[in-house]
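In what follows, a structure is listed as structure tokens, so that the remarks can point back to it.
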Amino acid sequence: MENIKTYIQEHKDRFINELIELLKIPSVSADTAYAQDVIATSEAVKTSLKKAGCDHVEICDTPGYPIVYAEKIIDPALPTVLVYGHYDVQPPNPIELWTSPPFEPVIKKTEIHPEGAIFARGSCDDKGQMYMHIKALEYMVQSNTLPCNVKFMIEGEEEVGSKSLSWFVTRNQEKLSCDVILISDTGMISNQQPSITTGLRGLSYVEVEVTGPNRDLHSGLYGGAVANPINVLTKMIASLHDENNHITIPSFYDNVTELSLEERAEMAKAPFSLEAYKKALDLNDIYGEKGYTTNERNSIRPTLDVNGIWGGYTGEGAKTVIPSQAFAKISMRLVPNQDWEAITTLFTQHFISIAPAGVKVKVKPHHGGQGYVTPIDSIGYKAANKAYTETFGVPAIPVRSGGSIPIVALFEKELKSKTILMGFGLDSDAIHSPNEHFGIFNYLKGIETIPLFYKYFVELSK
Ligand code: BES
Ligand code: MN
Ligand code: MN
């Protein structure tokens, strides 16, 4: 049987077309209007796992969207890799900002992806990255080179907090037992410089509601005499950061692990250009917590951000009104050791305590999860690094990411296994944004690198 490089060359058109078919199904987990599409996607994933050579494939029902589980056990005495990914995607809106429709995938060349990238919602996050694992398995089965057991667990609720997956994992520890968990749902530094994600931030997501008068009022007749919920809400939100952009919630930083100067110096070695960063975002300056660099601000430091804010009149023209209510959705990105439930409580208490008389405030917690950090001396990390070194020609750099995959901390707690985050996306791939895309180079490089991870993981486990 040919090696992986020739196998990819021969089958790449089919690999791309199969992914394109999967991307056509709008599996938006946040919007129940797409419920049938989410379920159809789980069926499509199941079929592809079966075709790739899994012996046992099943759709596991949960209180929410189904989890696709599959396995190929070649010898119980050998190590087991558990692959996790998600088949749900973010909502596509604002749809008018897409240069081609989000669920009609097309390949376009970009400056960063001269070989072309597939433009579609979910192409990078996470259908494309998840599908690399299915094609890598196909190769290993076809070439008789699968060196260990493999289990797949692909969920449909990652983008809305993985509630059903927590339910599933706590009930199926035996079924999911493994030696390492392998995930491609993060990014790397660039197509020339691979990196392995060694940390993820935690998350606490809340919605706040400020209520003033019992109905919308004429802003002339009542203006100045009653509290305006939008004025109040924005003032409350503004007070959550001080002049150094520190978060003002009491005890918020209590459990934050400070990195040593050595660790920070190590982090600063990763290639990064502030000029290119600003240029890519059309910014004339950066922003953030005093005393930290951009790369520290977006990875090892906690944050508090408004994700959406609404209330009052936002239609065409002008309507003079003092709204009865104002709302905001707020996320706090947390670092390892900060407990997301404790932070949610601290936020709630503080936010209610700063409400002025004249309004009522409610805080509704949405979802959250713990952060994660993983050592770089584990067998899994070393195997991943050897795999990247071989396919990219340079070793991977360990990088703490600012994103969150809350389920990773739960895997460690419930399954007692470490996770290796082998991401192949780029920050510029616009995940969660209009015009999300995934480089053809990245997709095929992922398929090429994954079988090497298996090989080295088994070799180093001996
Ligand atoms: N794949 C992302 C997380 C990610 C992306 C981590 C890039 C590191 C680098 C995941 O699908 C995601 O979007 N997670 C959410 C959290 C979830 C609870 C909604 C996030 O980070 O906002
Ligand atoms: Mn993802
Ligand atoms: Mn996502």
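The values are calculated or read from the model by the stated rules, or taken from the named source; none is laboratory data. Just so you know, these numbers come straight off a predicted model, no measurement behind them. Cβ placement follows ideal geometry from the backbone for every residue including glycine, while neighbour counts extend to all protein chains displayed. For accessibility, only protein heavy atoms count, side chains too; no ligands or nucleic acids. Shrake-Rupley method; radii C 1.70, N 1.55, O 1.52, S 1.80 Å.
In bins 5 Å wide, starting from 0, what share of all Cα pairs of the stretch 166-212 does each bin hold, as a percent? In whole percents, the pair-distance histogram is 4, 11, 13, 14, 16, 14, 10, 9, 4, 3, 1. Overall, the stretch 316-462 carries a charge dipole of about 380 debye about its Cα centre when +1 sits on the Cβ of Lys and Arg and -1 on the Cβ of Asp and Glu, all other atoms neutral. Mind checking which of Thr32, Leu334, Leu176 is farthest towards the positive end of the chain's charge dipole, using Cβ charges of +1 (Lys, Arg) and -1 (Asp, Glu) about the Cα centre? Value: Leu334. If you look at the Cα atoms of the stretch 127-184, you get an Rg and a Dmax of 13.3, 38 Å. Rolling a 1.4 angstrom probe over the chain with all protein chains present gives an accessible area of which 53% lies on carbon and sulfur atoms. Summarised in one figure, the compactness ratio Rg/Rh of the stretch 186-323, Cα atoms and Kirkwood Rh, is 1.09. For Ser239 and Lys5, the difference between the fully extended length at 0.36 nm per residue and the C-alpha to C-alpha distance is 78.7 nm. Put simply, the amide H of His86, placed in the peptide plane, has neighbours under 5 Å in Glu155, leaving out anything fewer than 5 places away on its chain.
Placing R0 at 30 angstrom, the Cβ-Cβ distance between Tyr292 and Lys413 gives a FRET efficiency of 0.55 after rounding to 0.05.
Taken about its Cα centre, the stretch 1-40 carries a charge dipole of roughly 100 debye when the Cβ of each Lys and Arg holds +1 and the Cβ of each Asp and Glu holds -1.
Across the stretch 234-274, the volume of the C-alpha convex hull divided among the residues equals 116 Å³ per residue.
Beta-bridge orientation, the chain: approximately 70 percent antiparallel, per DSSP, counting only bridges with both partners inside. Be a star and scan the stretch 279-303 for residues whose amide nitrogen sits under 14 Å from the point 7 Å along the Cα-to-Cβ vector of Thr110. Within reach of a label on Thr110: 280-282. Once the Cα atoms are used to define both axes, helix 127-142 deviates from the longest principal axis of the chain by about 10 degrees. If R0 equals 51 Å, the separation of the Cβ atoms of Ser273 and Arg215 corresponds to a calculated FRET efficiency of about 0.45. Rounded to the nearest 10 degrees, the angle from helix 4-23 to the longest Cα principal axis of the chain is 40 degrees. Here is the size of the stretch 1-127 from its Cα atoms: Rg then Dmax, 16.7, 54 Å. Look at the alpha carbon pairs under 8 Å that are at least 6 residues apart: their mean separation over the length of the chain gives a relative contact order of 25 percent. Shown here are the Rg and Dmax of the Cα trace of the stretch 87-209, at 17.6, 58 Å. A convex hull fitted to the Cα coordinates of the stretch 278-384 yields 217 cubic angstrom per residue. Counted over the stretch 59-134 with a bin width of 10 Å, the fraction of Cα pairs per bin, in whole percents, is 15, 34, 29, 16, 6, 0. P(r) for the stretch 375-462, from all Cα pairs and a bin width of 5 Å, is 3, 12, 19, 22, 21, 15, 7, 1, 0, 0 %, short bins first.
Measuring between alpha carbons in the structure, the pairs from Lys72/Lys462; Lys175/Lys445; Lys127/Lys413; Lys135/Lys455 lying more than 23 angstrom apart are Lys175/Lys445; Lys127/Lys413.
Hey, what does the equivalent ellipsoid look like for the chain, semi-axes from the Cα gyration tensor as sqrt of 5 times each eigenvalue, largest first, whole Å? The answer is 41, 24, 22 Å, longest axis first.
Taken per residue, the accessible surface of the stretch 336-441 reaches 43 Å², heavy atoms only and a 1.4 Å probe.
A simple charge model with +1 on the Cβ of Lys and Arg, -1 on the Cβ of Asp and Glu and nothing else charged puts the dipole of the stretch 402-462 at about 340 debye relative to its Cα centre.
Dividing the summed -39500 (n - 2.57) terms of all DSSP H runs of n ≥ 4 by the residue count of the chain sets its mean residue ellipticity at 222 nm at -10500 deg cm²/dmol. Over the stretch 414-462, the Kirkwood radius and the radius of gyration, each from Cα atoms, give a ratio Rg/Rh of 1.11. Divided by 2.2 N^0.38 Å, where N counts the residues, the Cα radius of gyration of the stretch 184-248 comes to 1.99. Under the definition of Cα pairs under 8 Å and six or more residues apart, what whole-number percent is the relative contact order of the stretch 326-462? In percent, rounded to a whole number, it is 26. Projecting the Cα positions of Gln349, Asn307, Leu240 onto the charge dipole of the chain (unit charges on Cβ atoms of Lys, Arg, Asp and Glu, taken about the Cα centre) puts Gln349 furthest along the positive direction. Can you tell me the 0 to 90 degree angle between the C-alpha axis of helix 340-353 and the longest principal axis of the chain, rounded to 10? With both axes taken from Cα atoms, the answer is about 10 degrees. Just so you know, the Rg over Rh for the stretch 316-433 is 1.14, from Cα atoms, with Rh as the Kirkwood radius. Positive end of the charge dipole of the chain (Lys, Arg +1 and Asp, Glu -1 on Cβ, about the Cα centre): tell me which of Gly439, Gly199, Leu452 has its Cα farthest that way. After comparing all options, I get Gly199.
Derived from the Cα gyration tensor, the three semi-axes of the equivalent ellipsoid of the stretch 141-247 are 50, 21, 13 Å, largest first.
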